[in-house]
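Peer 1: Shown below is the structure under consideration.
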Amino acid sequence: MPPSTKLPDASGPAPAEKAPAPPPAYGAASMVDLVDIIDFKQCEVLNATGSSSVGNAAKQGLRDQEALLCESDADEQLLLTINFTSKTKIHSIEVNGPDDGRAPRTVKLFANRIGLDFADAESMEAEQTLELEPEALGQRLDLRFVKFQSVDRLTVFIGDNQGETESTALSALRFWGAPLASTNMGEFKRVAGEKGEGE
């Protein structure tokens, strides 16, 4: 009678297996810097000094230079309009300013509103209002993502600043998100239905 073959103990350690591949990026990790889809020619800022622009705070390169500011003029309020070249989801934001008290404190974000003035921005309910503590400046802050799912125009109202100084200064304004894929099905059907298709 042939000797019995000993089976491996099922309760013992399993043979080493190759570690599974990491999952694809999701959530915050999948969001990209939206600077490349900001249409700076269509952006504007109200109540800013003559040397100020949205680009000083939001453009690549300029936003990394602390001396380049978007600063308010007559009082502490700023009203910025950010136009994107396509619809986008906005996931998070960074706001920064000088450490001398001029950095923004109250920031209201309005999605896809047209023609807002200072009175509107003060009185209307925003998609989100941020009350920035000093330690939040320069940090990436998550937004209420569901409120910013299809945005091509974002109005940023800065109501006051950290030190209650006469002017507010913005040194960096960054957005992270995901541009929406856009396929014009009307155009697609018209092209596909042209004479000669399939010939």
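Peer 1: What is the set of long-range amide H partners of Arg153 at a cut-off below 5 Å, with H atoms built 1.01 Å from backbone N?
Peer 2: The answer is Phe84, Asn112.
Peer 1: Which of the peptides 151-158, 82-89 is most tightly packed, and how do the rest follow, judged by the mean count of other Cβ atoms within 10 Å per residue?
Peer 2: 151-158, 82-89
Peer 1: Under 5 Å between amide H atoms, partner at least 5 residues away or on a different chain: which partners does Ser92 have, H built in plane at 1.01 Å?
Peer 2: Leu143, Trp176
Peer 1: Just to be sure I understand the model, the point goes 7 Å from the Cα along the line to the Cβ. What's the resulting Glu44 to Glu125 distance in nm?
Peer 2: Taking the simple label geometry, Glu44 and Glu125 are separated by 2.8 nm.
Read-outs: derived from the displayed coordinates by stated rules, not from any lab. Just so it is clear, the structure is predicted and the values come from calculations on it, not from any experiment. Cβ sites come from the backbone with ideal geometry, for glycine too, and all protein chains shown count toward neighbours.
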